[in-house]
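The values are calculated or read from the model by the stated rules, or taken from the named source; none is laboratory data. Just so it is clear, the structure is predicted and the values come from calculations on it, not from any experiment. Positions of Cβ are backbone-derived with ideal geometry, glycine not excepted, and every protein chain shown enters the neighbour counts.
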Amino acid sequence: MNTHSPLTSVNNDFRILSVNFNQDQGCFAYSHEQGFLVYNTNPIDLRVKRTFFPTQTHPGTGIGHVTMLHRTNYLALVGGGKNPRLPNNKLIIWDDLKRKSSLSLEFMSPILNVLLSRIRIVVVLKNQVLVYGFSSTPKKFASYETISNDYGLADLSVNFSKSPSSTRYQTLAFPGRQVGQLQIVDVSPSGQEKNLISIIKAHKSSIRCLALSRSGSMVASASELGTIIRIHSTQNTAQLYEFRRGLDRAVISSMKFSPDDTKLAVLSDKNTLHVFNLLQNTVVSDSQSEHSSQNSVTTDHNSPVNRKHIFNKLPVPLPFNKYFKSVWSFCSVNTSKYHQEYDSEYANDEGSIGWSGNDSIVIIWKLKRTWEKYIIAENTGAKATDHQWELVRASWKELDNPND
């Protein structure tokens, strides 16, 4: 059931500059030319609407980046847009309870991304990732060099073990110094003492998208080709899974693991949403097939089964064998079929995905400025040869206009 009546066009009096979910994906925030808004993810509900006005000290109002700290009153803000409130090389931690900045950091180059935990501030620059302590006077704990990281790729997962000692670790993933490499570090206090860096050779081409699992035990990545998604262990760097999105080149704009780490959702610039199941044995590659049993998760016979090519068991000569042995998503949907009321200018929209449960995915579209919820449903009417699972849009809503 739709939560809003369809629109034939979108009002053009405001523009979304950034969208980010909080650490458990239960909330999301978007920034714009006059400030930022914070929503509950599902059900969608506006929680905070902060509009900035020009002042003598801050003549600008635009916020180019916003990052939430769980559901607290602290948010990381960076200036952006046509008339930025802050320089793009300055980060402030905004205390929304006091309606003012609580601390700030400045750098020699533009800030491309910011990640937060209760004890860490991670700042991503084009060729560097910096880690600070979250305090009134932030102290820099670590600095890591990277290859040119134009998209500010990085992810942070805060984990709590179930052991009696309650050891806490915080996994940080970002591009390495070489093309196609990932760096994995533990930025918790105990991890900083060890100062260990794991290098994963994930792809032959440059990394375009990456995501850490909720537990921090897995990292998913896609290259700029966008045809293959690989998942590696952050503990021993072993490749656990290799999935195929498609044959043609695409930009993977967003990836997220489900809350229980059993599924991976992938969204591309072709507006296609794919979901892969991680609860089944998967041959990760031809060279590792004989060792796949030790790296894969035990099969759950009640869980969805990822698709394989009909010729996957036939002896096919190179170079076709890799394609025929590929593992595809167990369900997918081209979201464009739900967007036919929009003009062609929104065809190249960029979406950010988050999970609102283990079978429910939310997409926030920047250009269309809409919230959508898709559910994974069993296709009871499907034949044995058809897909047994499908993605269905359950509801959608236009995001609030901050100028209203």
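When region 370-388 is filtered for residues that are at pLDDT below 95 and either buried (at least 21 other Cβ atoms within 10 Å of the Cβ) or among the β-branched types (Val, Ile, Thr) (or both), the ones remaining, listed by number, are Thr380, Thr385. Regarding Asn149, is this residue among the polar types (S, T, N, Q), closer than 30 Å to Ile231 by Cβ, surrounded by 13 or more Cβ atoms within 10 Å (Cβ to Cβ) and touching a Phe, Trp or Tyr at 6+ places or on another chain (Cβ under 6 Å)? Considered against the rule, which asks whether it is among the polar types (S, T, N, Q), closer than 30 Å to Ile231 by Cβ, surrounded by 13 or more Cβ atoms within 10 Å (Cβ to Cβ) and touching a Phe, Trp or Tyr at 6+ places or on another chain (Cβ under 6 Å), Asn149 comes out as no. Screening region 166-191 for residues that are of a type in the set (S, T, N, Q) and assigned to a strand (DSSP E or B) and picking the one that is modelled with the lowest pLDDT gives Gln170. Output the number of residues of region 179-214 satisfying the condition of being polar (S, T, N, Q) and crowded, with 18+ Cβ neighbours inside 10 Å. The qualifying residues number 6. Summed over region 225-245, the residues that are buried (at least 17 other Cβ atoms within 10 Å of the Cβ), outside any strand (DSSP E or B) and of a type outside the set (S, T, N, Q) give a count of 3. Determine if region 315-338 includes at least one residue that is in contact with a His (Cβ under 9 Å, 6 or more places away or on another chain), of a type in the set (Lys, Arg), farther than 27 Å from Asn20 by Cβ and at pLDDT 80 or above. So far as region 315-338 goes, no, none of its residues is in contact with a His (Cβ under 9 Å, 6 or more places away or on another chain), of a type in the set (Lys, Arg), farther than 27 Å from Asn20 by Cβ and at pLDDT 80 or above. Counting residues in region 249-264 that are surrounded by fewer than 23 Cβ atoms within 10 Å (Cβ to Cβ), among the charged types (D, E, K, R), closer than 17 Å to Thr227 by Cβ and touching a residue at least 24 places away in the same chain (Cβ under 8 Å) gives one or more. Within region 340-363, the only residue that satisfies the criterion of being within 22 Å of Trp389 (Cα to Cα), part of a loop (DSSP other than H, G, I, E, B) and either touching an Asp or Glu at 6+ places or on another chain (Cβ under 9 Å) or aromatic (Phe, Trp, Tyr) (or both) is Asn358.
Residues checked against (1) of a type in the set (Gly, Ala, Ser); (2) at pLDDT below 95; (3) in a loop (DSSP other than H, G, I, E, B):
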| position | (1), (2), (3) |
| --- | --- |
| Gly81 | yes, no, yes |
| Leu86 | no, no, yes |
| Leu91 | no, no, no |
| Trp94 | no, no, no |
| Leu97 | no, no, yes |
| Ser102 | yes, no, no |
| Pro110 | no, no, yes |
| Val123 | no, no, no |
| Lys126 | no, no, yes |
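Of the numbered conditions (1) in contact with a Ser or Thr (Cβ under 9 Å, 6 or more places away or on another chain); (2) touching a residue at least 40 places away in the same chain (Cβ under 8 Å); (3) more than 21 Å from Gln192 (Cβ to Cβ); (4) crowded, with 19+ Cβ neighbours inside 10 Å, Ala76 satisfies every one except a single condition; which is it? Among (1) in contact with a Ser or Thr (Cβ under 9 Å, 6 or more places away or on another chain); (2) touching a residue at least 40 places away in the same chain (Cβ under 8 Å); (3) more than 21 Å from Gln192 (Cβ to Cβ); (4) crowded, with 19+ Cβ neighbours inside 10 Å, Ala76 violates only (3).
Taken across region 289-308, residues that are modelled with pLDDT of 95 or more and part of a loop (DSSP other than H, G, I, E, B) do not occur at all.
Among the residues making up region 34-90, those that are more than 24 Å from Val124 (Cα to Cα) and aromatic (Phe, Trp, Tyr) are Tyr39, Phe52, Phe53.
Within region 192-224, how many residues are outside any strand (DSSP E or B) and touching a strand residue (DSSP E or B) at 6+ places or on another chain (Cβ under 9 Å)? Final tally of qualifying residues: 15. The set of residues in region 320-358 being touching a residue at least 40 places away in the same chain (Cβ under 8 Å) and charged (D, E, K, R) consists of Lys325, Glu341, Asp343, Asp349, Glu350.
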